[in-house]
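This report refers to the structure that appears directly beneath it.
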Amino acid sequence: MQRHSTHSPLLSLPGAVPAEGRDEGVAAHYGDLFREQRALADGTGFVDLSHRGVVAVTGDDRLSWLHLLLTQHVSDLPVGRATEALILSANGHIEHALYLVDDGETVWAHVEPGTQAELLAYLESMKFFYRVEVADRTDDFAVVHLPAGSIAEVPGGVVVRETPHGRDLFLPRADLESFAASHGPAAGILAYEALRIEAHQPRLGAETDHRTIPHELGWIGTAVHLQKGCYRGQETVARVQNLGKPPRRLVFLHLDGSEVHLPGHGAPVRLAADGAEGRQLGFVTSSGRHHELGPIALALVKRNVPVDAPLLVGEKTAAAQEVVVEP
């Protein structure tokens with residue numbers, strides 16, 4: 001997966017500790033994870049998401065064209081209304097997740113770090129005779145997140161994507177440092193991720209693997225519109241919706257707080273009654289430390305795992321589950 005080559009200038013802020021893995025390029029935290037979480041929960045501060053890819057689609061046919069490719073109904077998307085959408089494989093597996101807003105002239109989308117090149121290649125291959133242009137604007141624009149409840153003033157001319165969870169700004173990358181100076185305190189990606197996990201929001205590359213379908217993660221409704229016309233992978237979506245159930249389901253886990261280390265992505269999940277030698281029934285997709293809930297995680301488990309069954313993560317971490325996707 002290609003990564004954006006530039007590390008954020010905000011890594012020079014006091015206390016900044018660089019993130020690793022898929023979030024390399026921005027700060028994991030600025031010295032106090034829980035303080036940063038509490039600030040976001042209270043509607044103050046901002047999160048540097050400048051490592052995310054930014055894609056722009058222009059042209060008279062941009063909405064009608066995207067409507068044919070995406071899982072979301074966007075042909076009549078009102079100016080300024082945020083939405084999210086997926087691109088599926090022919091077999092209905094999730095390939096891309098886009099977080100969109102149209103400003104009246106351009107559809108702006110931010111995507112997972114390093115996925116924009118592959119996404120653009122696909123979009124370019126599907127242009128045909130449509131009056132559209134697609135461009136990678138990651139070098140020019142940085143995504144910045146203002147939490148829900150924030151009363152921070154947005155600089156003039158900046159495109160804003162507003163959701164119940166906060167506002168995503170497509171900020172000119174050259175303005176990132178001046179924005180930080182006037183809109184602090186900065187919160188790191190670990191605080192942002194802990195609140196994402198608490199909100200049961202799936203993330204491409206964390207909650208997904210090569211065979212994930214939207215039903216497994218609760219993306220039906222938020223990113224998949226069931227009454228729209230054809231798009232690649234729609235047959236799988238319709239079949240599962242009308243005739244069956246997904247093979248796996250997303251769950252939220254409360255982890256035993258006595259363990260020092262958080263389980264990593266891919267840590268096995270079993271029934272607690274079966275112990276560490278029991279059959280693996282799923283795996284951890286994301287984990288974090290929450291300022292109120294303690295250690296938490298999301299996991300994908302087999303659909304038939306009883307919803308009230310105590311679970312075991314890894315070799316010894318006890319976990320209680322909350323239903324995210326109904327079995």
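Of everything in the stretch 167-208, what is surrounded by 22 or more Cβ atoms within 10 Å (Cβ to Cβ), under 30 Å from Lys302 (Cα atoms), among the small types (Gly, Ala, Ser) and in contact with a strand residue (DSSP E or B) (Cβ under 6 Å, 6 or more places away or on another chain)? Give them in sequence order.
Ala194 - this is the single residue of the stretch 167-208 that is surrounded by 22 or more Cβ atoms within 10 Å (Cβ to Cβ), under 30 Å from Lys302 (Cα atoms), among the small types (Gly, Ala, Ser) and in contact with a strand residue (DSSP E or B) (Cβ under 6 Å, 6 or more places away or on another chain).
Looking at Leu250, Leu255, which one is within 20 Å of the chain's Cα centre (by Cα) and either open to solvent by less than 40 Å² (accessible area, probe 1.4 Å) or β-branched (Val, Ile, Thr) (or both)? Quick ask: steps written out before the conclusion?
Details: Leu255 fails: within 20 Å of the chain's Cα centre (by Cα).
Step by step, each of Leu250, Leu255 is checked, and only Leu250 is within 20 Å of the chain's Cα centre (by Cα) and either open to solvent by less than 40 Å² (accessible area, probe 1.4 Å) or β-branched (Val, Ile, Thr) (or both).
Residues Gly233, Gly221: which one is out of contact with any Lys or Arg (no Cβ under 7 Å at 6 or more places or on another chain), touching a residue at least 24 places away in the same chain (Cβ under 8 Å) and at positive phi?
Numbers: Gly221 fails: touching a residue at least 24 places away in the same chain (Cβ under 8 Å).
It is Gly233.
Which numbered condition trips up Ser286, out of (1) closer than 29 Å to Val240 by Cβ; (2) of a type in the set (Ser, Thr, Tyr); (3) in contact with an Asp or Glu (Cβ under 6 Å, 6 or more places away or on another chain)?
(3) is the only condition that Ser286 fails.
Only residues that are part of a loop (DSSP other than H, G, I, E, B) and surrounded by 18 or more Cβ atoms within 10 Å (Cβ to Cβ): list them for the stretch 209-241, please.
Thr212, Ile213, Gly218, Trp219, Ala223, His225, Tyr231, Arg232, Gly233
Looking at the stretch 267-279, is at least one residue out of contact with any Ser or Thr (no Cβ under 6 Å at 6 or more places or on another chain), in contact (Cβ under 8 Å) with a residue 24 or more places away in the chain and more than 19 Å from Pro306 (Cα to Cα)?
First pass over the stretch 267-279, keeping only residues out of contact with any Ser or Thr (no Cβ under 6 Å at 6 or more places or on another chain): 267-279.
The next check asks that each one be in contact (Cβ under 8 Å) with a residue 24 or more places away in the chain; those that pass are 267-276, 278.
With more than 19 Å from Pro306 (Cα to Cα) added as a condition, the list becomes 267.
Yes, because at least one residue in the stretch 267-279 is out of contact with any Ser or Thr (no Cβ under 6 Å at 6 or more places or on another chain), in contact (Cβ under 8 Å) with a residue 24 or more places away in the chain and more than 19 Å from Pro306 (Cα to Cα).
Give me the residue from the stretch 134-155 that is open to solvent by less than 40 Å² (accessible area, probe 1.4 Å) and not in a strand (DSSP E or B) and, out of that set, nearest to Gly59 (Cα to Cα).
Across the stretch 134-155, the extreme among qualifying residues is Thr138.
The values are calculated or read from the model by the stated rules, or taken from the named source; none is laboratory data. Treat the numbers as computed from the prediction; the structure is a model and nothing was measured. Using ideal geometry, Cβ is built from the backbone for each residue, glycine included, and neighbour counts are taken over all protein chains shown. When the accessible area is computed, the model is the full protein with side chains, heavy atoms only, and any ligands, DNA or RNA have been set aside. Shrake-Rupley method; radii C 1.70, N 1.55, O 1.52, S 1.80 Å.
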